[in-house]
Structure formats: C-alpha cells, structure tokens
1. Residue 216 - would you say it is out of contact with any Phe, Trp or Tyr (no Cβ under 9 Å at 6 or more places or on another chain), farther than 22 Å from residue 18 by Cβ and touching a residue at least 12 places away in the same chain (Cβ under 8 Å)?
2. Conditions first: (1) closer than 17 Å to residue 233 by Cβ; (2) of a type in the set (D, E, K, R); (3) touching a residue at least 60 places away in the same chain (Cβ under 8 Å). Residue 38 passes all but one, so which condition is the exception?
3. Between 31, 63, 83, which is without any contact (Cβ under 8 Å) to a residue 12 or more places away in the chain and on the phi > 0 side of the Ramachandran plot?
4. Tally the residues that are assigned to a helix (DSSP H, G or I), under 15 Å from residue 53 (Cα atoms), more than 15 Å from the chain's Cα centre (by Cα) and not basic (Lys, Arg), restricting the search to segment 111-151.
5. Quick check on segment 55-76: of everything there that is charged (D, E, K, R) and under 21 Å from the mean Cα position of the chain (by Cα), which residue is farthest from residue 113 (Cα to Cα)?
6. For segment 74-99, enumerate the residues that are outside any strand (DSSP E or B) and touching a Lys or Arg at 6+ places or on another chain (Cβ under 9 Å).
7. Please go through (1) in contact with a strand residue (DSSP E or B) (Cβ under 8 Å, 6 or more places away or on another chain); (2) farther than 23 Å from residue 149 by Cα; (3) not charged (D, E, K, R) for residue 61 and return the number of the only condition it doesn't satisfy.
8. Just to be sure, is residue 15 aliphatic (A, V, I, L, M) and part of a loop (DSSP other than H, G, I, E, B)?
Amino acid sequence: MLMSAIIGHRGARGLAPENTLKSIELAAELGVRWVELDVMLTRDQVPILFHDAWLNKLSNGRGQVEKFDFSALEHLRVLAPRGAKDRSSQPLATLASGLRLIQELGLGLNLEIKPTCAEKDLITLQLAVQELRAFPGLPLVISSFSDQVLAEAQRLLPDVPRACLWEELPDNWHLQARALGARSIHLSSLYLKHREVAEIKGLGRELYVYTVNTKKQAEKFFSWGVTGIFTDYPQRFQALSATTQYHTPFGEPV
C-alpha cells in the first residue's frame, strides 16, 4: 500500500485554509498520516503550495500567481473555507516550509505538480524536485495530470512512486500507466465506475479516489475495493485513518 486509506486533501481543506501549514497541522491532529498538496511557481520560480492559477478565490490577493514574485505574495493570506468554525486566514506556504513540517510531523506526502499553465509543467516539477532532494527519507508519491511531468519524474526520481491523475479513466489507461511506470491511479469520485476498480486492481495498480466527504460515499467506494480516498474532512473518517502504511522514496515499506 503506497499511502494510507484516508488522505487529507490539501491538508484538511474543509476545516482550514487549504495548502497552508495550519491545514497540514490540523490534518495530523485529526489522525491523518498522509496529505495531498499542490505545488506551483511564482514569477521568480519559487515553489509554493497553492492550487489555483489565480489568487482571487483562495486568498485576499488578486491576479495570476505567475505574475508575482514571491516577495509580493509572502504577505498574502489564504482564506478559511466556507463553513469553517475557525475563520482565521493563514500565510501562503512555500513547498520548502511544507516539507519541513511534514517531516517533523512524520507524515507522508502526495505532491501534485500543479503548474500555473501547461508550458510550465516541467520546470515546476524540476524545481520541486530540487526542494524534495533535501528530504530524502520522506514518504512520497508524485501525481500529475500530465504524462510529460510523470515521464520526467521517472527520470529524475526513478525510485519515487508516481500516480496518473485523471477525472475519468481513459480507454488506454493501462498503456499510459505502464509506459510511465505509475504505481497508482487517482480518479474523480464523480465518474468512477464499479467495474473500473476491479480492472485497475486486477492489473496491479492501486486506486485512490478524490474527493470523498461523506461516510456513505466512503463505504461505497471501499466496498468496491478502492485503496484509499482523499477527503476535505478527515475527522469524519478517524477510525479508518488509523490504518496506514508508508512508502519511502527508496522502495522499502516501513
């Protein structure tokens, strides 16, 4: 098992400002052993933890992330999610600061390469890898919607597991996964079909589903045989989050 049955989506996205240190800390407090985070680049190529190409929705800033140097963004605040009890905003986090915290907390990381535009796929990965090399023992899975990114990840970090990220399972998924050496498949809960679970698992791949936020959904998908789920609300699945396994970047389970 590459990751755990319950993975905190962008930390604990439903409870704290997503992709922030607070969100990571809260996920750990709730018993999550793996978190999923997004990395993209500022104009001066600093890897930051952020999901949207535009600042407007998630922060008190305005404009495109790629138009600003980090010095212009480091004072921004990432906004609390709608409905959160704690409405306090949080500072925008760099990838480096997130990695340090994850290591301190003993968590595993699914890092999604989330470039601000398709032309920055490879440089986003390459600069993220530079940061990751400072944390050689960190349990890690790299995921992306881009075959090009996963192929480059295979070259740069051949011992780190890779995951193909799709909304819907493509017809030729097994050929793509095999070519990229992908160990797992990450699919949207909106489109997943029961028969696809058996197909994926039958060909030796793990399957993780995003984003699952109700026990009813989770029970259905686990009854189908999925390996794990990404959730915005880890506290709803604390009983399951106690069941966890790690995978180190060097291929040895711990």
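1. Values: out of contact with any Phe, Trp or Tyr (no Cβ under 9 Å at 6 or more places or on another chain): yes; farther than 22 Å from residue 18 by Cβ: yes; touching a residue at least 12 places away in the same chain (Cβ under 8 Å): no.
It is false that residue 216 is out of contact with any Phe, Trp or Tyr (no Cβ under 9 Å at 6 or more places or on another chain), farther than 22 Å from residue 18 by Cβ and touching a residue at least 12 places away in the same chain (Cβ under 8 Å).
2. It is condition (1) that residue 38 fails.
3. Values: 31 fails: without any contact (Cβ under 8 Å) to a residue 12 or more places away in the chain; 83 fails: without any contact (Cβ under 8 Å) to a residue 12 or more places away in the chain.
Exactly one residue qualifies, and that residue is 63.
4. Keep residues of segment 111-151 that are assigned to a helix (DSSP H, G or I), which gives 118-132, 147-151.
Restricting the remaining residues to those that are under 15 Å from residue 53 (Cα atoms) gives 118-121, 124.
Still in the list and also more than 15 Å from the chain's Cα centre (by Cα): 118-121.
Checking which are not basic (Lys, Arg) leaves us with 118-119, 121.
So the answer is 3.
5. Keep residues of segment 55-76 that are charged (D, E, K, R), which gives 57, 62, 66-67, 69, 74.
So of that shortlist, the ones also under 21 Å from the mean Cα position of the chain (by Cα) come out as 57, 66.
Numbers: 57: 20, 66: 15 Å.
Within segment 55-76, the match that is farthest from residue 113 (Cα to Cα) is 57.
6. Narrowing segment 74-99 to residues outside any strand (DSSP E or B): 74-76, 79-89, 92, 95-99.
Residues satisfying the conditions are 79, 80, 81, 86, 88, 89, 92.
7. (1)
8. Values: aliphatic (A, V, I, L, M): yes; part of a loop (DSSP other than H, G, I, E, B): yes.
The answer is yes for residue 15.
The values are calculated or read from the model by the stated rules, or taken from the named source; none is laboratory data. All values derive from a computational prediction rather than experimental measurement. Here Cβ is always computed from backbone atoms with ideal geometry, including for glycine, and neighbour counts include all displayed protein chains.
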